[in-house]
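The values are calculated or read from the model by the stated rules, or taken from the named source; none is laboratory data. Everything quoted here is computed from the prediction, not taken from an experiment. All Cβ positions, even for glycine, are placed from backbone atoms using ideal geometry, and neighbour counts span all protein chains on display. Quick note on the areas: whole protein, heavy atoms, side chains included, nothing else; ligands and nucleic acids left out. Shrake-Rupley method; radii C 1.70, N 1.55, O 1.52, S 1.80 Å.
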Amino acid sequence: MAKTMRKGKAGGGAPVLRFAHPFFTDLPPAERQPFLGARRMTEHVEVHLEPIPRVSGESKMTLADVVGRDGAAAIAGEGAISFHAIGDTGHENGQAQEYVAEAMTADFDISHPERSPAFFLHLGDVDYYDNTDRGYHAQFYVPYKTYPGKIVAIPGNHDGELFKFDGKPTGQSKTLEAFQKNFCQKGAATTITSGTVLRQMVSQPGVYWRLSAPLIDIVGLYSNVAENPGFIRSPQIGDVQKRWLTRTLRKIKSERAAGTRRALVVAVHHPPISHGSHSSSADMLVDIDDSCTTAGIQPDALLAAHSHDYQRFTRFVPAGGGRMEVPYLVVGSGGRGLSTKVAVATGQVQGDHRYDKSLRGYGYLLVSVTPQKLDMRFFQVDEKDGKKKAFDQVSVVLATNKLG
């Protein structure tokens, strides 16, 4: 224990710290206990999480549930599928958010809907500090009023919070109440919240789910309400979601064994790996890895947000006697401000991953899948004039699980 932690006693018998954070220590590096402070912060967060709402059945949806039978059949007939992905968007009167929305809208070809993006995967933090009908209308429905695609989502920490930074209520009496009202309603329909903005919302089976579509499975997870780190399991919230994840991955594994090889993408709001203003969620990555190892299957890519920037890593994952190259992308560039900092990527290898690309700027991800390849392209959107340009691209060859 650091010397600064031995001084004084609080009323409850706890040591009075010199500094607020236990990891802020005056011990020289050689005498410090590894990850002492990080472990204590994690333990503190673990007992301040919010319960995870129950999901419906196996919490699975198909592309037909999202875009209808005819739309799903037309996309399947193309032999390819694409979709948008970003997070951290909620911003009332946010020009950057609307610029990104307009840039994504330009990817649609009304004469060829089957070749247009099938949907928009929102990576969390739909709404900030105003989880009410008014807040959702201003921060979600209005910015995407001209975006023609369906939107599916996983919640971010701000979507689940009950109190905002000044201690005042966010407008919901229980966690994720507003998110479920807008994304998990019974049956595809417009919502009261949308007001005069006409948008049919998808009926998601829960706040974590599996979307099984032609050529791709997406597993969306909920990583709870903390600023850092994220959790899919803890003593406070239990392990229901983690057990569901293991079962779901086993099901996907068995479908592959029967001859159905889809790309597999895991989506979670808090990034397991990050060099931005929000740090990595190492314990959550351990839980995801454990489910993957138990099920005998690894994702072909992982998408996250939370850090308001763009980062791309390549993680080297042992599998089948070889080594998979798995892109881990942070796409928190949807319009809600930018990180104060993000480390510049130089291709350096740290542990089991390489840091390949970074941007402190706005933009979105366009994911495309064929039977042979999973391709991910990031487009930067200028915050001053809304013009977009290609910034980054990474592809995974599904037969070899190598970048290419």
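Among the residues of segment 196-225, what is the count of those that are part of a loop (DSSP other than H, G, I, E, B), under 14 Å from the mean Cα position of the chain (by Cα) and among the aliphatic types (A, V, I, L, M)?
3
Going by the conditions given, is Asp287 in contact with a helix residue (DSSP H, G or I) (Cβ under 9 Å, 6 or more places away or on another chain), free of Cβ contacts under 8 Å to residues at least 60 places away in the same chain and not polar (S, T, N, Q)?
yes
Report every pair of residues separated by at least 6 positions or lying on different chains whose Cβ atoms are under 7 Å apart, first residue within segment 131-145 and acidic (Asp, Glu), second buried (at least 19 other Cβ atoms within 10 Å of the Cβ).
Here the result reads Asp133/Thr193, each pair linking segment 131-145 to a residue that is buried (at least 19 other Cβ atoms within 10 Å of the Cβ).
For residues in segment 319-372 being basic (Lys, Arg) and buried (at least 16 other Cβ atoms within 10 Å of the Cβ), which is nearest to Val286 (Cα to Cα)?
Arg354
Name the pairs whose Cβ atoms lie under 8 Å apart, with the first residue in segment 327-354 and more than 20 Å from Ala101 (Cα to Cα), the second open to solvent by 60 Å² or more (accessible area, probe 1.4 Å), and 6 or more positions between them or separate chains?
Lys341/Arg360; Val342/Arg360; Ala345/Lys357; Gly347/Arg354; Gln348/Arg354
Go through the residues of segment 272-280 one by one and say whether even a single one is within 18 Å of the chain's Cα centre (by Cα) and under 22 Å from Thr400 (Cα atoms).
no
Is it the case that Thr260 is within 25 Å of Val394 (Cα to Cα), part of a loop (DSSP other than H, G, I, E, B) and without any contact (Cβ under 8 Å) to a residue 12 or more places away in the chain?
yes
Do you know which of the residues in segment 338-361 that are charged (D, E, K, R) and farther than 12 Å from Thr314 by Cβ is modelled with the highest pLDDT?
Arg360
Test of understanding: among Thr246, Thr294, which residue is open to solvent by 40 Å² or more (accessible area, probe 1.4 Å) and either touching a helix residue (DSSP H, G or I) at 6+ places or on another chain (Cβ under 7 Å) or charged (D, E, K, R) (or both)?
Thr294
Residues in segment 270-281: is at least one assigned to a helix (DSSP H, G or I) and either touching a residue at least 60 places away in the same chain (Cβ under 8 Å) or open to solvent by less than 30 Å² (accessible area, probe 1.4 Å) (or both)?
no
Which of the residues that make up segment 311-328 are of a type in the set (A, V, I, L, M, F, W, C) and out of contact with any Asp or Glu (no Cβ under 9 Å at 6 or more places or on another chain)?
Ala319
Give the number of residues within segment 376-393 that are assigned to a strand (DSSP E or B) and either open to solvent by 10 Å² or more (accessible area, probe 1.4 Å) or on the phi > 0 side of the Ramachandran plot (or both).
Residues that pass the stated criteria total 9.
When only residues in segment 227-243 that are part of a loop (DSSP other than H, G, I, E, B), more than 14 Å from the chain's Cα centre (by Cα) and modelled with pLDDT of 95 or more count, which is surrounded by the most Cβ atoms within 10 Å (Cβ to Cβ)?
The extreme case among them is Arg233.
Take segment 81-111 and flag every residue that is within 21 Å of the chain's Cα centre (by Cα) and hydrophobic (A, V, I, L, M, F, W, C).
Across segment 81-111, the qualifying residues are Ile81, Phe83, Ala85, Ile86, Ala96, Val100, Ala101, Ala103, Met104.
Can you give me the ranges of the helices (runs of 4 or more DSSP H) entirely in segment 100-189 with at least 1 residues that are surrounded by fewer than 20 Cβ atoms within 10 Å (Cβ to Cβ)?
Here the list reads 133-136, 177-183.
Free of Cβ contacts under 8 Å to residues at least 24 places away in the same chain and on the phi > 0 side of the Ramachandran plot: does that describe Gly68?
When the stated conditions are applied, Gly68 passes them.
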